[in-house]
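Below is one structure, written out as structure tokens; comments come after it.
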Amino acid sequence: MNNDRPYVMCLMMTSVDGKILGEKWGNSPKMKILRNKFEEAHEELGIKAWIVGRTTMEKDFTDFTKPILKKGHQTLDRSDFVAEHQSDSFAIVIDGKAKLGWKESTMQGDHVITILTEDVPDAYLAHLRDIGLSYIFAGKKDISLKTALRKLRSLFGIEQLMLEGGSHINGSFLNEELIDELHQLLLPIADGTIETATLFEIEASVKKKGATLMKLENVKRIEDDVLWLTYKFDY
Ligand SMILES: NC(=O)c1ccc[n+]([C@@H]2O[C@H](COP(=O)([O-])OP(=O)(O)OC[C@H]3O[C@@H](n4cnc5c(N)ncnc54)[C@H](OP(=O)(O)O)[C@@H]3O)[C@@H](O)[C@H]2O)c1
């Protein structure tokens, strides 16, 4: 285990063909029950910090709110900003280009931390400071996930982190060998579409190696024909 970063557990629910986009599976009562398995597993694991990609955050949580810029001229250096926070649980996002709009600094009781590059407008940072939302820098123009994880541990004391999609952020973590465990909820669904994203997506141009072997740690049959598979990575 690497002690200068959090231990990373990836939680995802998929169809049997590894597809992740649950909203395409319809809204029948049975589908709703299956979709709830994700939150139930999240609660059961009980890890107090979770991280998602920018796309998942805007689609599932911030409802595509546009970036908010503080009016007036301001100059801010590129120091990390750890806002005062009461909560010891964290909602974290990788948003290198500052595309997300934030109106408040907590989400479902969790303190929000956004991970940015230095290449974002001062007026964006000024607004985050005004609302008390923490931000850290993890690269000048591109995000270094390793830097981001190191800072989450050193600045916020986060020792365990749930990585919760979508495909691209999962793929980025996998590509950097930064996932320690995978918790896959295998739903009794055959998706069957070609274009739908899978659990890990890595662009061929950046992919560092071939397939990654994992070790199966646990198989649990939970209600409603769902399998909870736990794997460990041993890079
Ligand atoms: N089934 C499940 O369990 C589950 C769980 C979570 C999400 N989902 C679904 O997954 C879908 C979204 O997945 P997605 O793959 O399209 O998007 P995503 O992984 O949520 O977000 C991708 C974005 O995150 C940023 N990002 C990720 N890795 C980065 C890196 N290494 N460096 C810099 N930025 C990085 C980039 O933002 P920029 O483009 O702004 O640079 C990238 O476009 C949603 O439909 C969501 O509902 C399903």
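The values are calculated or read from the model by the stated rules, or taken from the named source; none is laboratory data. Not measured: the values here are computed from a predicted model. So basically every Cβ, Gly included, is an ideal-geometry build from the backbone, and we count neighbours across all protein chains shown.
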Count of residues meeting criterion [in a strand (DSSP E or B) and either within 11 Å of the ligand (Cβ to nearest atom) or surrounded by 19 or more Cβ atoms within 10 Å (Cβ to Cβ) (or both)] in the range 150-180:
3
Filtered residues of the range 95-126 (kept if in a helix (DSSP H, G or I) and either of a type in the set (A, V, I, L, M) or in contact (Cβ under 8 Å) with a residue 60 or more places away in the chain (or both))
Ala123, Leu125, Ala126
Close pairs (6 angstrom Cβ cut-off, 6 or more residues apart or separate chains): closer than 12 Å to Glu177 by Cα in the range 196-219, within 16 Å of the ligand (Cβ to nearest atom) anywhere
Lys208/Asn175; Met214/Tyr231
Quick check: is even one residue across the range 15-24 within 13 Å of the ligand (Cβ to nearest atom), hydroxyl-bearing (Ser, Thr, Tyr) and either in the same structural domain as Phe233 (by TED's automatic domain parsing) or touching a residue at least 40 places away in the same chain (Cβ under 8 Å) (or both)?
yes
From (1) surrounded by fewer than 16 Cβ atoms within 10 Å (Cβ to Cβ); (2) within 16 Å of the ligand (Cβ to nearest atom); (3) not hydroxyl-bearing (Ser, Thr, Tyr), pick out the condition that doesn't hold for Gln74.
(2)
Which one of these is modelled with pLDDT of 95 or more, under 29 Å from Tyr235 (Cβ atoms) and surrounded by fewer than 19 Cβ atoms within 10 Å (Cβ to Cβ): Lys48, Lys19?
Lys48
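Conditions (1) surrounded by 21 or more Cβ atoms within 10 Å (Cβ to Cβ); (2) under 20 Å from Trp50 (Cβ atoms); (3) more than 16 Å from the ligand (Cβ to nearest atom), marked per residue:
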position: Ile68; (1), (2), (3): no, no, yes
position: Glu84; (1), (2), (3): no, no, yes
position: Val93; (1), (2), (3): yes, yes, no
position: Gln108; (1), (2), (3): no, yes, no
position: His111; (1), (2), (3): yes, yes, yes
position: Asp122; (1), (2), (3): no, no, yes
For Lys59: the one exception among (1) in a loop (DSSP other than H, G, I, E, B); (2) out of contact with any His (no Cβ under 8 Å at 6 or more places or on another chain)
(1)
Lone qualifier among Ala148, Ala123 - being more than 26 Å from Ser167 (Cβ to Cβ) and out of contact with any Gly (no Cβ under 6 Å at 6 or more places or on another chain):
Ala123
